[in-house]
Amino acid sequence: MSKIKKFKFVLLTALVVIFTGVITSCDESLDEPVALGLEQFKNENFSSQGLRSSGGTTVLQTRFLPIYHWWEWQDRNDRKGVCGETSYMVAIKTVATWNNILYTMSLEQQNLIVNGTATSPNPYQLYNYWKKNDQKLATCDFARGKKLSSDGQNWTTRTKIKEFIETALKEKKLVIMPVIINGHRADFWNNDFNVSSTTASDETNNYISKYGNVGHWIVIYRLDVEKNSEGFSIGTAYYCDVLEQTASSSVKSVNYLRLLDANRAAGSTYSAMWFDSPKK
């Protein structure tokens, strides 16, 4: 494969559409970048299961489009799991390029992040890497627990992580998040439109699942959110998956509540990061 083809990207149009109904789902292929516009969303398989609402849908979407894609095992011989480092690299590349700042994704760049953080890094470790290396490329923050928060507030409860994600996307930032997946069942992502099942045996045909067996990270660029009858946020998250080889196959969606369950299962608490333009 040529060097040029390594820098595949997903062209996600900045169309912000307000739906009064409910939304969910996407699909897979190989090689060149693919432009995804409104027609792509019209043709998706939408379902209202787990998304019943008395109100309309609000679309929260990043300004940083297009989103660039890098397969986490591109040029790697070790098949080492580097999804957190790769999602971070994708976020930095996307934000930097949007701001006309040169940043090259490569195996060498990926390894700098790997060696500068830890095996299976958490958001705090990736944030510290950003502080040391990438402040000129983007701004960044993570959902803090009360031990790291100056005001003692815990931003890692379920209520607070929803506020963290929704506020970030409302402000047009880009979000990355750790989750648990059913390992190597990436083709089952289009079953993820439901809320989590109460039993693990019912989740064998899901990709993002709190009953999964592999830690992973995803890049979240859009959230279609509603309030249910009890006033809680529900909806659909759209993301790019660095476990996929191609840009076109990396664009996926997941039930928002399922996503939160899998995020909590990925670590000792809920967690996420956002990225924005660098300070001038």
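The values are calculated or read from the model by the stated rules, or taken from the named source; none is laboratory data. Just so it is clear, the model here is predicted, and its values are computed rather than measured. Neighbour counts run over all protein chains shown; Cβ positions are idealised from the backbone, glycine included.
One table, with the values for the structure above:
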| quantity | calculated |
| --- | --- |
| Close pairs from the stretch 176-191: first within 9 Å of Asn206 (Cβ to Cβ) and of a type in the set (Phe, Trp, Tyr), partner part of a strand (DSSP E or B) and at pLDDT 85 or above, Cβ under 8 Å, at least 6 apart | Trp189/Ile208; Trp189/Lys252; Trp189/Ser253; Trp189/Val254 |
| Flag for Gly231 being at positive phi and modelled with pLDDT under 95 | yes |
| Residue under evaluation Ser197, criteria (1) crowded, with 17+ Cβ neighbours inside 10 Å; (2) touching a helix residue (DSSP H, G or I) at 6+ places or on another chain (Cβ under 7 Å), criterion not met | (1) |
| Filter result for Val251 (modelled with pLDDT of 90 or more, closer than 25 Å to Arg144 by Cβ and β-branched (Val, Ile, Thr)) | no |
| Considering residues of the stretch 227-243 that are more than 13 Å from the chain's Cα centre (by Cα) and in a loop (DSSP other than H, G, I, E, B) only, the residue nearest to Arg158 (Cα to Cα) | Phe232 |
| Failed item in (1) at positive phi; (2) under 20 Å from the mean Cα position of the chain (by Cα), with Phe142 passing the rest | (1) |
| Leading residue by the ranking (surrounded by the most Cβ atoms within 10 Å (Cβ to Cβ)) among those in the stretch 109-159 that are under 20 Å from His216 (Cβ atoms) and among the β-branched types (Val, Ile, Thr) | Thr156 |
| Scope the stretch 163-178; condition part of a helix (DSSP H, G or I) and either aliphatic (A, V, I, L, M) or surrounded by fewer than 20 Cβ atoms within 10 Å (Cβ to Cβ) (or both); matching residues | Glu163, Ile165, Glu166, Thr167, Ala168, Leu169, Lys170 |
| Selection from the stretch 78-134 of residues that are within 17 Å of the chain's Cα centre (by Cα), among the small types (Gly, Ala, Ser) and either at positive phi or not in a helix (DSSP H, G or I) (or both) | Gly81, Ser120 |
